[in-house]
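Let me begin by presenting the structure, written as structure tokens, before commenting on it.
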Amino acid sequence: MKQPIIQIRNLGKEFKTSSGTVRALEGINLDIYQGEIFGIIGLSGAGKSTLVRCINYLEVPTEGDVLFEGESLASMTPAQQRKTRRSMGMIFQQFNLLAQRNVIRNVCFPMELSGVPKKEARARAMELLKTVGLEEKAKAYPVQLSGGQKQRVAIARALAMNPKVILCDEATSALDPNTTKSILALLKEINQKMGVTVIMITHEMSVIESICSRVAIIDQSRIAEVGSVSEIFSEPKTRIGRQLILGDAIHQANFGKSKKVRIIFDGRESEEPVISNLVLACRTPVNILYAATRDLDGKAMGQMIIQLPEDETEARRVYSYLKTVKIPFEEVTEYDV
């Protein structure tokens, strides 16, 4: 079994402000395993960015601890913390490239700070630029690059010190969908080829779906739920989980007066025509109010909200069918969707 590379234990963080103390994180407990792509998702202000900065001790937690490969960062001296931090590369939303340096010198920068000989640093930088597909841009300056190219340079720079972990703080939020897709593909390739653990901080469920194996949902400074992506997508246990997966549609659905049912897709074959079979078997129509399903490796994951016929006999027939074919479902209202 893989060992946790990062263990977060009872972590809390508060900030003193002119209007009082702000509690940014409280009671955070997480294990992140070597070689996985782990997602942390939440709405704006939930505490995501504070959490990622506490992981590498750019922000010192108010209480609790972070263990990196079993070693407590809280027990380390500042010099030891800086050394450990070099094992955790970081990628930011706004790239954070140095405008006065060209591409290769941006990638060399962390190696310069660590005293790597210039010739060795440039060779390593060119190798990394080739990895991210930008070796021809070595002498270009950030102002001459597109957003996607800037993020590729930032990824190369994050890899410069051979980190064991890459922390991505909203790394794709400033990019268009096609560029986002290419950057996520690059991160997945780096994860697979180099064995680097990737931690994705995001507010976009599509990012989690694309490359993460496990995900933690953070809400109001606490971890609301954590599990595999397939588990969370098929049956989120919290309202914030359902909100992130279903999106704004949970507020837009017109429920009418008859009963509504949430059908849970938890791993059935994605090609199985569940609703068509239901309609044919029950000989009654149903109204699909909302569907949020995805194909994950040939398995259907997600949820669908359907409206049953007002006729009680027909409604019971649908309930009976769902039980018979063992499709998970529950009756819902507009308040607990």
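Taken together, the values in this text are just the output of simple stated rules run on the coordinates, not laboratory data. Owing to the predicted nature of the structure, the values given are computational and were not obtained by experimental measurement. Cβ atoms come from the backbone with ideal geometry, glycine included; neighbour counts cover every protein chain shown.
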Footprinting exposure proxy for 233, 329 (fewest neighbouring C-beta atoms within 10 Å first): 329, 233
Reduced Cα scattering model of the range 97-162, Debye log10 I(q)/I(0), q = 0.20, 0.22 Å⁻¹: -0.65, -0.79
FRET E, pair residue 94, residue 272, Förster distance 41 Å, beta-carbon r, rounded to 0.05: 0.40
Partner aspartates and glutamates for residue 259 [C-alpha distance under 12 Å; skip if fewer than 8 residues away on the same chain]: 310, 311, 312, 314, 330, 331, 334
For the range 197-203, Karplus couplings with θ = phi - 60° (6.51, -1.76, 1.60), whole Hz, Gly/Pro x: 6, 10, 10, 9, 9, 7, 10
Candidate values (i) -0.24, -0.50, -0.87, -1.37; (ii) -0.26, -0.56, -1.00, -1.61; (iii) -0.37, -0.69, -1.01, -1.30, label of the one derived for log10 I(q)/I(0) by the Debye sum over Cα atoms at q = 0.07, 0.10, 0.13, 0.16 Å⁻¹: (iii)
Pairwise FRET efficiency - residue 299 versus residue 83, Cβ, R0 = 56 Å, nearest 0.05: 0.85
Debye intensity ratio in log₁₀ form over the Cα atoms of the range 1-123, taken at each q of 0.11, 0.14, 0.19, 0.20 Å⁻¹: -0.49, -0.76, -1.16, -1.21
Order of 114, 210 under a 10 Å beta carbon neighbour criterion, fewest first: 114, 210
Cβ-based charge dipole, the chain, positive-most Cα from 241, 24, 171: 171
Dipole of the range 259-332 [Lys/Arg +1, Asp/Glu -1 at C-beta], most positive-end residue of 277, 328, 315: 315
0 to 90° range, to nearest 10: angle between helix 118-131 axis and the chain longest Cα axis: 20
CD proxy at 222 nm, helix term only [per DSSP H run n ≥ 4: -39500 (n - 2.57); per residue of the chain; nearest 500]: -10000 deg cm²/dmol
